[in-house]
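The values are calculated or read from the model by the stated rules, or taken from the named source; none is laboratory data. Keep in mind that this is a model prediction, so the values were computed, not measured. Here the Cβ positions follow ideal geometry from the backbone for every residue, glycine too, while neighbour counts run over all protein chains shown.
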Amino acid sequence: MDSLKPQDITRPLSDQLISLDKFMPLPAPYDKPGMEPGPSPLKEAWKDNHCTTLDGIIGNDRLTRPGTKEEEERFVKNFLSGMDKLFSKETNSGFLTPFLLAFEYCAKCDACSEACHIFKASGEKEVYRPIFRSEALRKLYRRYKKGGGLAARFTGGDMEINLEAVLRLGELAYRCNLCRRCAQNCPLGLDNSLIAREIRALFSMEMGIAPTSLHERGTLLQLKTGSSTGMKRKAFSNIIEFIEEEIADRTGKMYKIPVDKKGADILLIHNAGEFLSWPDNPAAFAILFEEAGLNWTMSSELAGYDAVNYGIWYDDVQAQKIALAQRRAARELGVRRIVIGECGHAHRAAAVSSDRLAAGADNIPRESSFPILRDIVRSGAVKFDPLRNNFPVTLHDPCNIVRSMGVVMPQRQILKALCPQFREMTPHGVNNYCCGGGGGFSVMREMNFSEWKMKVAARMKFKQILDAFQDTIQDPVIPKYVCAPCSNCKGAIRDMLDLYQATAKFNVQYAGIVELMVNAMVIFDRPYFEWLQEGWAERKGI
Amino acid sequence: MLLTVFMYLAAAAFAGFSLYKVYLFAQNPLNNRWELYPVPGELGTRGSYGGSYYEEAEWWARPRQVSHTGVYREMLKESLFMRNLFVNRRKHWRLSYAMHLGIYLLVFFTFLLLAGAITELSGLRLTTLTGAGNHPWARLVYFATSVTGACGASLTAFGSASLLFSRVLDGTLRKYTDFDEYFNLCFILAAAVSGLIVWSTDPGFNYGREVVTAMLTFAPIRGGTALTVHILLFGALLIYIPRTKMSHYIGKYFAYHKVLWDNEPNLSGSVMEEKVRKSLEYIPQDRWSAPHVNSAGRQDSL
């Protein structure tokens, strides 16, 4: 057992708390030596400027070491000031109750550790135990509020506040996917992932420190250009034209994608990453919505064509601004409802997290696209041939859509109707494991973070995928499809399949749910998936 | 008489501090939605597999329906059987449930003492020189009091002692246990053991009824050293509990009902929308300091 305890977070700069080795074993065929790429060495230069003393990984690239003693004192002082604000009605009203409950009432039963995929996948490294982070914050706060006396020590305020502790805590906040599986297992209903999120919020909103991918190239860019991808209105219009042409090339049928159509019933918003990385997905939505005869549109207004809201992971102010910008784009068009495409955190941000943010005209109904897609299948408005999807399919449940929003069955009803070889992962539904890209990790690629993300955070999901396909995994002729109806989950699964070469070696494919639907549409004479098009004639009837 | 006054104060402090804590949580601003599925208020099987109203297109145009039965059923499972701990941490559940079941029995025991004291004050003797009285009600109260008191105190003592030992012996739990948490268990154990010591000389819990009778009639509590020590420990525990994390009977209510199970949507024209409107009108008196946090709009949280 690891001998580390929360007080060790204050250890001096020379001590790296853990080294990453001996991960949770993977199932066949990744149980053999040499199947997993080895670790990359940590660059010496990073150690001088960043906090590598937690686990040798840098997740928050903007968390840099103060240069002088004065800067160091100011850094710690700002952290303490921010910690006070987490406990204030004036500055943390939206999360005060859940935060106080999680902070005050933990019974230290450790039920959360068994639920945490990062803790388990890492080989049970102590710093990743969900209560390690929470307990470190509690100890810092109690020491700070009660001084170093007996009263502080009695309630756990028994460690010094120093620079290294604050830096390590800032990094540790980015070793949690915010998937909330721990909260589901907690007998008192408390949420360690919320504590991780609040530490992130403290660093961002008080100290101005947040990973570049989430802040500068994330929310700030979205508010400036309209999308976290940096895509401006003109570029969006060009991409829509490109997608229309692509659909015509792929299917032989021309569709006109409605943009800025006033008074439409539905404003469909995608994660803009789809347009750049997986344009087949918005294309498939367009085909299905047009064939089903829905009255819909897309928006070219600021934030109206990008459903992402990275703010929900680290910064309430940014989250609020983006949510309002999206609502206002819908309001400008006069639509009845906002429908979110295949993006998990955007589902939650739009429908749940920002629900108590607006009243009156901005209070436009928001809903998931999954029930609409399920109803398209059920209604018979579009004809499908399930045999076109006659290959093993499994479903990844995005935490934000399932555990935090309760959309569980519509996606299953679609897959059960259209995929004869559908099989569930274990566990699944609200008990699923995160893909490893949750909480912003999918877009965070700074320094050596991607490697940690794939080897630790995504490891449990990779194990689940391999387990789901154990009957066919060793046969590269049979395509195996991971249905991941969320952009960030897809990003994580793409990176995972790349790192382990699972597509190249074992023909494990991934994409969303609408691509499967379009692939099964009888009006098209060829598969929608490129990887099915080669040799399609010979494989007809598989 | 001092013991009687002390017990009044202890009971009042327990109720007062607990209610104050409830008041503090209830006064917190409207929090953002942070529900976690399954939410038992969802209708039918959705409540069990974790579905929600979001599984329907145009959910906002449908009537809002809440399964109160589902909520009460889950509350009972969690409150009476500590289901989540049973499912996720079976070993710990055995010890923790022993202690909590003991406490539940002692709460029931207290009501039985009250029933017994009222019965005796109204003229019906619960006991004779040889044991329980002959009247069926007297016998029922007498034996129920004896069983719940003995089992409750024994289970509480066993549970708190075993939790204490497990925290000391289990390397992981030891690392995360602070001094106050050991103290809390010791305090409960001491109160339970002192009660068992008193009980060993009075298996019918007559002393307990006398204490309650004294409190009902504002009379002095007469007792030996053992009873006095037990009363002082029990009273002090009552005063102490609401001020510590042992008040999780309050925390758990808010965690489930106001956070994890609260998926009340902000529908146009609803009571919730009015609450949201009021919340949005509030101008915070303090701000976060990072440069990107400007002065426009509501900034405190999403």
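For the range A:269-290, the count of residues that are touching a His at 6+ places or on another chain (Cβ under 9 Å), within 14 Å of another protein chain (Cβ to nearest Cβ), crowded, with 24+ Cβ neighbours inside 10 Å and among the hydrophobic types (A, V, I, L, M, F, W, C) is zero. Where helices (runs of 4 or more DSSP H) fall entirely within the range A:299-402, those with at least 1 residues that are more than 9 Å from every other protein chain (Cβ to nearest Cβ) and more than 22 Å from A:Met444 (Cβ to Cβ) are at A:316-333, A:369-379.
Looking at A:Arg366, A:Arg337, just one residue is surrounded by fewer than 24 Cβ atoms within 10 Å (Cβ to Cβ), at pLDDT 95 or above and of a type in the set (Lys, Arg), and that residue is A:Arg337.
Condition test on A:Glu160, is it assigned to a loop (DSSP other than H, G, I, E, B), in the same structural domain as A:Lys22 (by TED's automatic domain parsing) and either over 27 Å from B:Thr244 (Cα atoms) or within 23 Å of the chain's Cα centre (by Cα) (or both)? No, not satisfied. On the stretch given as the range A:188-227, residues that are buried (at least 24 other Cβ atoms within 10 Å of the Cβ), in a loop (DSSP other than H, G, I, E, B) and in contact with a Pro (Cβ under 9 Å, 6 or more places away or on another chain) total 2. Within the set B:Leu76, B:Leu9, B:Leu3, B:Leu19, the sole residue that is more than 30 Å from A:Met405 (Cα to Cα), at pLDDT below 95 and more than 11 Å from chain A (Cβ to nearest Cβ) turns out to be B:Leu3. Which count do you get for residues in the range B:141-178 that are without any contact (Cβ under 8 Å) to a residue 12 or more places away in the chain, part of a helix (DSSP H, G or I) and surrounded by 16 or more Cβ atoms within 10 Å (Cβ to Cβ)? Number of matching residues: 4. If the condition is being in a loop (DSSP other than H, G, I, E, B), at pLDDT 90 or above and out of contact with any helix residue (DSSP H, G or I) (no Cβ under 7 Å at 6 or more places or on another chain), then the range A:514-542 contributes A:Val522, A:Ile523, A:Asp525.
Identify all residues within the range A:299-328 that are surrounded by 24 or more Cβ atoms within 10 Å (Cβ to Cβ) and either farther than 26 Å from A:Cys399 by Cα or among the small types (Gly, Ala, Ser) (or both); write none if there are none. Within the range A:299-328, A:Ser299, A:Ala303, A:Gly304, A:Ala307, A:Gly311, A:Ala319, A:Ala323 meet the criteria. Those helices (runs of 4 or more DSSP H) of the range B:223-302 in which at least 1 residues are in contact with a helix residue (DSSP H, G or I) (Cβ under 7 Å, 6 or more places away or on another chain), more than 8 Å from every other protein chain (Cβ to nearest Cβ) and of a type in the set (S, T, N, Q), considering only elements entirely within it, cover B:225-240. Residues that are more than 27 Å from the chain's Cα centre (by Cα), among the small types (Gly, Ala, Ser) and within 30 Å of A:Phe469 (Cβ to Cβ) do not occur anywhere in the range A:2-13. Against the test of being within 14 Å of chain B (Cβ to nearest Cβ), surrounded by fewer than 19 Cβ atoms within 10 Å (Cβ to Cβ) and either aromatic (Phe, Trp, Tyr) or out of contact with any Cys (no Cβ under 6 Å at 6 or more places or on another chain) (or both), the options A:Ser3, A:Ser14, A:Ser19 yield a single qualifying residue, A:Ser3. In this structure, A:Pro371 does not qualify as at pLDDT 95 or above and either out of contact with any helix residue (DSSP H, G or I) (no Cβ under 6 Å at 6 or more places or on another chain) or farther than 30 Å from A:Gln509 by Cβ (or both).
In this structure, is A:Lys253 of a type in the set (D, E, K, R), surrounded by fewer than 18 Cβ atoms within 10 Å (Cβ to Cβ), away from every other protein chain (no Cβ under 12 Å) and in contact (Cβ under 8 Å) with a residue 60 or more places away in the chain? The answer is yes for A:Lys253.
Restricting to the range A:396-426, what's the tally of residues that are surrounded by 24 or more Cβ atoms within 10 Å (Cβ to Cβ) and over 21 Å from A:Phe524 (Cα atoms)? Count: 15.
Exactly one residue among B:Ala157, B:Ala132 is more than 16 Å from the chain's Cα centre (by Cα) and more than 26 Å from B:Tyr249 (Cβ to Cβ), and that residue is B:Ala132.
Within the range B:79-124, the only residue that satisfies the criterion of being charged (D, E, K, R) and away from chain A (no Cβ under 14 Å) is B:Glu120. Only one entry in A:Arg153, A:Arg180 is surrounded by fewer than 24 Cβ atoms within 10 Å (Cβ to Cβ) and either modelled with pLDDT of 95 or more or over 18 Å from the mean Cα position of the chain (by Cα) (or both), namely A:Arg153.
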